[in-house]
Each structure stands twice: as C-alpha cells, then as structure tokens.
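No lab work stands behind these numbers, since they all come straight from the coordinates. Quick caveat, the model's predicted, so the values are computed rather than measured. Heads up, the Cβs are rebuilt from the backbone with ideal geometry, glycines too, and the neighbour counts pull from every protein chain shown.
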Amino acid sequence: MATVQLRSVDKVFPDGTRAVRGLSLDVPDGEFVVLVGPSGCGKSTILRMLAGLEEVSRGEILIDGRSVNHLPPQKRNTAMVFQNYALYPHKTVRQNLGFPLRMMKVPRDERNERIAQVAEMLGLTPWLDRRPKQLSGGQRQRVAMGRAMVRDPAVFLLDEPLSNLDAKLRVQVRAEIAALQRRMRTTTVYVTHDQVEAMTLGDRVAVLRDGQLQQVGTGRELYRRPANVFVAGFIGSPGMNVFGARLHRGEGETFRLEFGDDRLAVHAHVLARCGRVEDLLDEPLLAGLRPEAFSPAAKGSGPNRVRVRVASSEALGHENIIYFDSPVRMHGQETTAAGAGREEDSAGRMAARLPAAGAPPAAADELTLAVDTGKLVLFDRQGVALRSGK
Amino acid sequence: MNDRVPDGAVSTRRRVTALAMTGANYLVLTVAALLYVAPILFMIVASFKPDERVLPEAGSWQALLPSRVTTENYADVFERVRFGRYLLNSILVTGSIVAGGLVVNSLAGYALARLAWRGRRAVFRFVLALMILPLQAIAVPLFYETTVLGWRDTYVVQIVPFLANAFAIYLFYAFFLGMPRELEEAARIDGAGVGRTLVEIILPHAKPAFAAAAITTFLMYWGLYLWPLMVTTHEDVRPLPLAVATFRTLPPLKWGDIMAFAVMMVAPVLVVFLVFQRWFVRGVAASGMKG
C-alpha cells in the first residue's frame with residue numbers, strides 16, 4: 001500500500017500535444033481515486049505516467065514518498081489493468097496469473113498458493129487451465145484483475161476496465177471491483193469516461209478537461225457544488241442547466257432572477273453560499289439548475305412557477321427527462337462526454353427530470369413546472385463557481 | 001402492350017446465367033491448374049519410368065501417366081553422383097540461412113517496429129530500398145569482399161551474406177507493428193525487462209511471422225544458383241542447384257535420372273511448405289503483406 005502524489009506534472013508529446021498541464025493530486029494510502037473526463041482529456045496519459053509507460057515532461061510523481069520519474073515500470077510496484085485486458089494469449093489463466101510472480105522470482109510453492117488464492121477470490125478456479133480466448137469477456141476481465149492483484153502491488157492502476165463489457169455485466173463487475181478494493185484497501189487510480197462508474201466507485205473523483213484538473217472531491221461534492229460550469233455540465237446525466245442570469249433585489253430576504261417572462265425568487269441564504277450579495281446584484285452571472293430542481297406544478301401562476309414548451313422527452317420508466325426550449329440564453333456547454341454534435345443540438349434547451357406519471361408529454365405540449373431555487377448554483381461569467389469567502 | 005416477363009422466367013434465366021458463369025470459371029481454373037501442374041506431374045512420372053520411355057512418350061498424353069514404375073533412375077542418381085553430399089550441403093546452407101535469419105531479422109524487425117532509437121526511420125527506409133536490390137547488382141562487390149576475407153569454397157560464404165534479409169525484416173516489422181502494444185506494456189509492468197518480454201511474450205505470439213519468414217527465406221535460397229557458382233569450385237561445399245546443372249551435362253544423357261534428381265531436389269521444398277503452411281498463411285495475413 002502506498003500514497004501517490006503528482007506534483008505539477010506536465011506531459012508534452014513529441015508532436016507538441018500538451019496532454020497534461022500542471023497536474024497536482026494527492027492520493028492517500030488506500031484511497032480509490034477515479035479520474036474522469038471526456039475523451040482526450042489526458043486521463044489515460046496520467047495513468048500511463050504513473051505506470052512508467054510514458055515519461056513525465058515536467059513535474060514529479062511520487063509513490064510512497066519516493067520520486068519514480070526515472071524508474072522503469074517494473075520497478076514501481078504498480079499493477080495495471082488495461083482496457084483490452086492485455087492477457088497473454090498463448091498462456092493459460094494460471095500462467096497469466098503466475099507471470100508477474102515468476103518475474104519477482106517467487107518460489108514455485110508460494111506462487112501456486114497465491115494463484116490459487118486469487119483464483120478462488122475471483123471465481124476463476126475452474127478456468128485456470130484455459131487460455132484467454134476460451135473465456136467470456138467477464139472472465140477475461142477477472143483474469144486481468146487477478147494478474148494485477150496476485151503481486152499485491154503498492155498501487156492499482158485501472159484503465160477503463162469495464163468498457164468492453166455489456167451493460168449488465170458492467171454493473172456486476174463494477175460492484176465486484178468496489179468490494180475487492182474495500183477488502184484489500186490498495187491505493188487505486190481508476191480511469192473512466194463514465195461518470196456513473198466514477199461516482200459509484202471512487203472515494204474521490206478527479207474531473208479533467210484538456211489535461212487540467214477541474215475539481216477533485218467526493219461524488220456528492222462534485223454533484224452539489226461543482227467548481228465550474230464544466231464540472232456542472234459533465235457530472236450528472238443530463239448535466240446541470242447553466243444559463244445567463246442577473247440578480248435583482250426582491251422583497252425582504254428574497255432576490256429576483258429573471259427566467260424569460262417568469263421570475264424566480266431566490267432566498268438570501270442561497271446567495272450567502274455564493275459570496276457577498278452586494279457583489280452579485282445586477283452583475284452578469286451564470287446560474288445553474290439541476291434537472292431535478294424542476295417538478296410538475298399545477299397550472300396557473302405562482303411563486304417560482306414557469307411555463308415551458310416541451311421540445312422532446314425521454315421516458316426512462318421510473319422518470320421522464322423533458323427537454324424544453326429555454327426561456328433564457330443558455331451558456332454554451334462544451335461539457336458533456338457525449339460529443340460536440342449533441343451539445344450543439346441541445347443548445348438553447350433545458351432538461352427537467354420529472355417523475356413518470358402517465359405517458360410522457362409530447363413535443364410542443366405546454367407544461368407548468370415549479371423550480372426549487374434552493375438548489376441554485378451561481379458562477380461568474382468565466383464559469384467559475386461563486387463561493388462565500390472567495 | 002404488356003412487356004413484362006413472368007417472374008419465373010426471369011429467375012430461370014438468371015439461374016442459367018449464373019450456372020454458365022460458374023462453369024466458365026471452373027473451366028478457366030482447371031486449364032490454368034493443368035498448365036501449372038503438368039510440368040510437375042511430368043517430372044514425377046518421368047522419374048519413375050524406364051529412361052528409354054521418357055523421351056518417346058514426352059509428346060503424348062502418356063507423358064503424364066506412369067507406364068511401368070521403376071525406381072532405377074533414383075538408384076542411378078546415387079550411383080553416378082554424390083547426391084547425399086549435395087543434399088547435405090543444401091540443407092546445411094539453407095537451414096543455416098533460415099535459422100540464423102530468423103534470429104537476425106526478427107530482432108531487426110522488432111527494433112524497427114517497437115524500440116525508439118535515433119536513426120530508426122532512416123534505417124527503415126534503407127531496409128525498404130534494399131528490398132528492390134537484386135543479388136546480381138551486388139554480386140561482384142560481394143564476391144570481391146568475400147574473396148578478400150578468404151571465404152571462397154566454404155559454407156560461410158554461402159550463409160553469412162544472406163542472413164540479414166530485407167524482405168524478412170519487413171515481414172517481421174509489419175507483424176510486430178500490428179501486435180497490440182499493451183501486451184508488451186503489461187509484461188513490463190509485470191516485471192519483465194526488454195529481453196524477457198521479447199522471449200516470453202512477443203516471440204511465442206509471433207509464430208505465424210516466423211513460419212512465413214522461414215518459408216519465404218527457404219524458397220529464396222534453396223534454389224540459389226548464381227552465388228554458389230561464383231564462390232564455390234569444390235563439390236564438397238556445392239549445393240543441389242549447381243549439382244543438377246552439372247549432372248545434366250554428365251554423359252550419358254539420361255532424362256529419367258535428371259527427373260529423379262529434380263524430384264529429390266524439389267521434395268524438401270514441398271515438405272517445408274506443407275509443415276509450415278498453416279502458420280504461413282496466418283503470418284502473411286497478419287503482417288498485411290501479399291504474396
């Protein structure tokens with residue numbers, strides 16, 4: 001077991017691509033940290049630098065307090081699970097599991113004992129004499145995990161290990177990985193682009209974009225208090241609705257936020273989270289509302305009720321996701337992992353998560369929604385979250 | 001007026017056309033196969049015929065059918081020349097080129113495909129350029145060089161110049177390039193150094209490339225004629241292609257014996273090909289090269 005520290009790490013590839021910029025991250029002993037971000041954000045490069053498969057251009061990587069920048073992979077005491085598992089195709093499961101132990105010159109008896117132990121733990125005992133191509137996707141994944149576990153490394157590095165599994169198996173293996181890590185308490189760095197994986201697995205989640213760390217925190221923190229509009233849009237599905245806003249003084253302890261023809265009342269205590277109220281008033285800001293901040297409301301006007309026109313809807317069984325034309329100017333979100341095309345399509349649209357009661361509304365239907373402004377998050381025009389004390 | 005042809009008639013016409021096309025294809029392929037197979041069949045059949053019947057029957061269909069089977073031509077060959085010696089020379093020379101070449105060329109291909117070193121691209125381009133250079137173009141300077149080294153009339157002079165082979169290097173290069181890099185990376189993380197990774201992970205995975213390289217190199221050098229002719233004079237080191245040429249001029253002229261000699265010379269090629277054929281096809285396919 002070990003700590004992992006990255007100190008202002010940069011990675012510049014020979015073609016000039018800057019994959020990682022000034023990354024600093026501390027992973028305490030035994031923690032499960034998930035690196036998450038859209039494709040090309042540098043998360044796999046970070047993992048490869050930790051493993052020693054890529055050189056660090058600038059900065060320092062420390063494992064258990066010792067700089068490993070110049071150590072080859074075999075001397076770092078890390079174990080890695082690759083996206084495609086990278087099992088040795090000509091070796092049996094037993095030989096695959098035993099290979100790292102053989103390289104460590106572990107005596108044969110001990111080797112066999114450890115292989116048996118890991119195989120038992122992962123339910124691989126019946127398949128020990130099979131070759132990888134004779135196994136199912138899930139079994140292969142477990143062999144790859146076993147090969148990493150058998151050496152009892154200081155750090156586990158997992159590079160999108162579930163991406164080749166079907167949806168059902170992914171959920172099952174995800175739970176298995178979480179349980180294994182809890183049992184072994186080995187420091188783990190896990191890379192994924194899937195935010196559900198990130199939120200469910202990680203003690204902490206580090207969100208990356210263009211090689212830069214955007215925020216690191218528990219899943220709950222990222223969801224409730226995103227550091228910027230990128231994290232707000234990336235975490236959550238659909239992401240947070242972020243729109244241009246201006247606050248005005250209302251009556252008593254409340255403030256007004258214009259929402260098209262409607263007005264939203266925001267209580268002072270909500271704004272207190274975001275800094276001095278006087279600094280926020282009449283300033284151009286960005287406001288964020290999660291899709292679940294909306295709920296169905298009776299027709300007619302009332303406090304924090306808005307009328308919207310449905311653009312499209314997704315019925316998920318237990319809930320409906322409603323997309324409606326935004327009555328306010330949406331902030332351009334290049335934030336989701338789904339790709340640029342979808343971002344453009346959703347420009348000017350907001351999402352609301354509503355309980356499924358009857359058939360989902362059809363396009364062009366008009367709905368009245370109540371808005372819970374207690375969940376409002378405010379950002380400055382640069383997209384940085386406003387916090388009290390900032 | 002209705003010009004429509006009934007559906008049944010259309011499908012029948014289509015079926016007949018398809019059948020005719022298939023028939024024509026088979027006919028062309030059969031003729032081509034006969035053209036290729038006939039000389040080989042003639043060689044094998046003639047080698048088992050009494051010598052006096054080989055030439056008279058050569059112009060008729062009987063050339064391809066054994067009339068009276070005899071092995072006396074084969075016995076003749078062994079009586080008239082030291083066939084065993086020539087065969088041994090050929091096996092030694094070609095076998096050494098193949099075995100040594102596999103080591104040299106696989107390592108070169110791996111270094112070019114996988115290791116990062118200064119000048120790698122330049123060396124790779126040089127290797128590519130060498131692929132189009134025929135032996136005849138460098139035979140004279142090579143002859144001069146090996147003579148200066150005092151290698152004439154040895155096995156060494158027939159082996160060493162051909163160990164490194166641009167085609168085989170390229171074949172290995174293409175194969176290693178297509179291999180998932182993660183396998184090597186996994187091995188390195190698992191604690192294996194470059195050498196161990198090569199021996200334990202890469203090479204066992206590269207059997208098809210080895211088979212393809214072994215066969216192509218064997219075919220390339222088993223029948224090599226010009227170079228041994230230039231650098232050897234003594235029959236103790238001369239290989240089969242030179243021996244068959246000499247044998248043809250050895251009186252009395254016996255076509256049955258010559259055919260028996262030829263059959264025995266070609267047989268090892270067939271054996272090698274049949275043994276390695278399965279991997280050869282996979283190797284060529286995996287390396288992305290066409291034959």
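Using every Cα-Cα pair within the stretch B:33-133, state what percent have a distance larger than 24 Å. Counting every Cα pair in the stretch B:33-133, those more than 24 Å apart make up 57 percent. The stretch between residue A:29 and residue A:224 holds 67.6 nm of extra length on full extension. This uses 0.36 nm per residue minus the Cα-Cα distance.
Helical content alone sets the calculated 222 nm signal of chain B at -23500 deg cm²/dmol, taking -39,500 (n - 2.57) per DSSP H segment of four or more residues and averaging over every residue. Only Cα sites of the protein assembly as shown enter the Debye sum here, all with the same form factor; the resulting log10 I(q)/I(0) across q = 0.06, 0.11 1/Å is -0.60, -1.14, listed in q order.
Checking the table A:43/A:105; A:75/A:105; A:11/A:105 against a 23 Å threshold on Cα-Cα, which pairs fail? Pairs exceeding 23 Å: A:43/A:105; A:11/A:105. Placing one equal scatterer on every Cα of the stretch A:118-192 and applying the Debye formula, the log10 ratio I(q)/I(0) at q = 0.26 Å⁻¹ is -1.45.
Over the stretch B:4-70, all Cα pairs binned in 10 Å intervals from 0 give whole-percent P(r) values of 19, 28, 17, 14, 12, 8, 2, listed from short to long. Converting phi to 3J(HN,Hα) with the Karplus coefficients 6.51, -1.76 and 1.60 and the offset θ = phi - 60°, the stretch A:371-379 yields 10, 8, 6, x, 9, 5, 10, 10, 10 Hz in sequence order, with x at every glycine or proline. Above 26 Å, the calculated P(r) of chain A contains 59 percent of its Cα-Cα pairs. Under DSSP H, which helices of chain B have Cα atoms covering 30 Å or more of the helix axis and a Kyte-Doolittle average no less than 0.0? For chain B, where a helix must reach 30 Å along its axis and average at least 0.0, the hits are B:7-47, B:83-114, B:255-287.
Ranking of A:90, B:234 by neighbouring Cβ atoms within 10 Å, starting from the fewest: B:234, A:90. Cα centroid separation, the stretch A:159-222 to the stretch A:1-66: 16 Å. For residue B:104 and residue B:120, the difference between the fully extended length at 0.36 nm per residue and the C-alpha to C-alpha distance is 4.1 nm. To the nearest ten degrees, helix A:137-149 and the longest principal axis of the Cα atoms of chain A are 70 degrees apart.
Full extension of the segment from residue A:292 to residue A:109, taken as 0.36 nm per residue of separation minus the current Cα-Cα distance, would add 60.2 nm. Globularity index of the stretch B:159-217 is 1.26 (Cα radius of gyration / 2.2 N^0.38 Å, N = number of residues).
Counting only alpha carbon atoms, the long axis of helix A:93-103 and the longest principal axis of chain A meet at about 70°. Any idea what % of Cα-Cα pairs in chain B are farther than 30 Å? Tail of P(r) above 30 Å: 52 percent of Cα pairs.
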